[in-house]
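One structure below.
Computed from the coordinates by the stated procedures, all read-outs in this text should not be read as laboratory data. In this text the structure is predicted, and so the values were computed from the model without any measurement. All Cβ positions, glycine included, derive from the backbone under ideal geometry; neighbour counts span all protein chains shown.
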Amino acid sequence: MEKIKVAVVGTGFIGPAHIEALRRLPNIEVVALCEVSEELAQQKAKLLGIPKAMLFEDMLKDKEIQSVHICTPNFLHYSQSKAVLEAGKHVVCEKPLATKIGEAEELVKLADSTGLVNAVHFNLRYYPMVRQMKTMRENGELGDIYSIMGSYLQDWLYLKTDYNWRLEPDKSGDSRAIADIGSHLLDLTEYVTGLKITEVMADFSTVHKSRLKPLKPVETYTGKMLQESDYQEVEINTEDHASVMLRFDNGNKGSATVSQVNAGRKNRLNIEIAGSKSNFEWCSEKPNELWIGKRESPNQHLMKDPSLFTPEAAGLISFPGGHNEGFPDTSKQMFKEVYAAIAEGKQPENPTFPTFADGHRELLICERIIESHKKQTWVKI
Ligand code: SOE
């Protein structure tokens, strides 16, 4: 079988996760790795067992490479995605798609004009239980949606000495917690419920007004291992915590709370969707389980089991009930759908995977949230 040749750009926390997921699919070969210098690219390519190490600009000229994954810091997503599309290659970009709404709009138009496959890595949609919630809602099992309460909590930036490029607006954009993990929560909320967020009222807080920046590079989550002596104090003006009230197009309301300073919450998206027939609660730290609340009959506790799932959700399951699937599996399942399209050579009419248009939608909501916080008022989407 002729394999699809892929390049991955950026090997911090999520780049290797993309590589691992891609290597689990039969019709794909990761042939190239790009980093900020030839030396670092060669070092990382050797470590990850990838044949070619190169600079981004050289990769664009490599005719063998058909698809590119952008896993670099947020501020590079726009320019790199644009260059990949202009080089005639399919693109999978990490969220957020861009740091400015105009850039995202331009990428959507460019991607549409090329017909190339374009996707944004909203991989949390690919927990089988998330697709199960969506299809159960589509089948009417949730009923009319009364309210939605979501949160996404982490603690990897809890200490004053925790540091990462995401804390620097020139690399991350004007928002941090909302852009970084609120993006997943907002995308998943609209995806599962089928509702659209129409207005937001946001209030941010920066718990650590300054942080101790390491004097040597540190990658996501690994800041927990550095010593006191390696730091310089820098001012922080992006949000550690965000409280957002939400209004939806069905006239009902909800809320989203995002924080990266909640001790003990490692990477915990939790959503509760109250409906006229049932209430769903799902937590990403227990992804194979769904709590289904009832008023007139016993509550239910659904475990991931393909025999109990809708056909569409069962399609995201590779292992039998009780054999838990988790975070790494979400990217594998997403890339299965994306690369089925790449094998066809063009973006499908109705993609099942998150596209640049979804990335634009999420960035629009994020920008309105930032605007609402700054103005301390409700802002329409
Ligand atoms: C850091 O907050 C991070 O790696 C995010 O950037 C990812 O999108 C999320 O899936 C896990 O946490």
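Within the listed set Thr355, Thr72, Thr198, the Gaussian network model of the chain (springs between alpha-carbon atoms below 10 Å) gives the highest mean-square fluctuation for Thr198. As a length-normalised measure over Cα pairs under 8 Å and 6 or more apart, the relative contact order of the range 23-144 settles at 16 percent. Taking the Cα centre of the chain as reference, the dipole from Cβ charges on Lys and Arg (+1) and Asp and Glu (-1) amounts to some 380 debye.
Each of Pro214, Ala179, Ala263 was placed along the dipole of the range 128-323 (beta-carbon charges, centred on the mean Cα), and the one lying farthest toward the positive end is Ala263.
Charge tally for Ala177 (other residues, Cβ to Cβ under 10 Å; Lys, Arg +1; Asp, Glu -1): -1. Extending 7 Å from Cα along the Cβ direction at Leu47 and again at Thr198 yields two label points whose distance is 4.9 nm. The helix-only estimate of mean residue ellipticity at 222 nm for the chain, built from DSSP H runs of length n ≥ 4 each weighted as -39500 (n - 2.57), is -9000 deg cm²/dmol after division by the residue total.
Would you mind telling me the antiparallel percentage of the DSSP bridges in the range 128-323, rounded to 5?
Antiparallel bridges: around 85 percent, rounded to the nearest 5.
About the Cα centre of the range 237-289, what is the dipole size in debye to 20, counting +1 per Lys and Arg Cβ and -1 per Asp and Glu Cβ, all else neutral?
The calculation lands at about 80 debye.
Summing Lys, Arg as +1 and Asp, Glu as -1, what charge do residues with Cβ under 14 Å from the Cβ of Thr135 carry, Thr135 excluded? Net local charge, Thr135 excluded: +2. Among beta bridges identified by DSSP and lying wholly in the chain, the antiparallel ones come to about 60 percent.
Here is the list for the range 16-70: GluC sites (Glu not before Pro) lying in DSSP coil, each with at most 15 other C-beta atoms within 10 angstrom of its C-beta, are Glu64. With only the Cα atoms considered, the range 128-323 has a convex hull volume of 138 Å³ per residue. Placing unit charges on the Cβ atoms of the charged side chains and taking the dipole of the chain about its Cα centre, the candidate lying farthest along the positive direction among Pro354, Gly326, Ala341 is Gly326. Dividing the mean sequence gap of close Cα pairs (under 8 Å, 6+ apart) by how many residues the chain holds gives a relative contact order of 21 percent.
Rounded to the nearest 20 debye, the dipole size of the range 20-166 about its Cα centre is 260 debye, using +1 on the Cβ of Lys and Arg and -1 on the Cβ of Asp and Glu.
Summarise the long-distance tail of P(r) for the chain by giving the % of C-alpha pairs beyond 30 Å.
So the portion of pairs separated by more than 30 Å is 40 percent.
Full extension of the chain segment joining Arg295 with Ser210 gains 25.8 nm, where the gain is 0.36 nm per residue of separation less the Cα-Cα distance.
Positive-end ranking of Asn299, Tyr146, Ser229 along the dipole of the range 128-323, with charges on Cβ about the Cα centre, is headed by Asn299.
Reducing the range 176-214 and the range 1-74 to their Cα centroids gives an inter-centroid distance of 29 Å.
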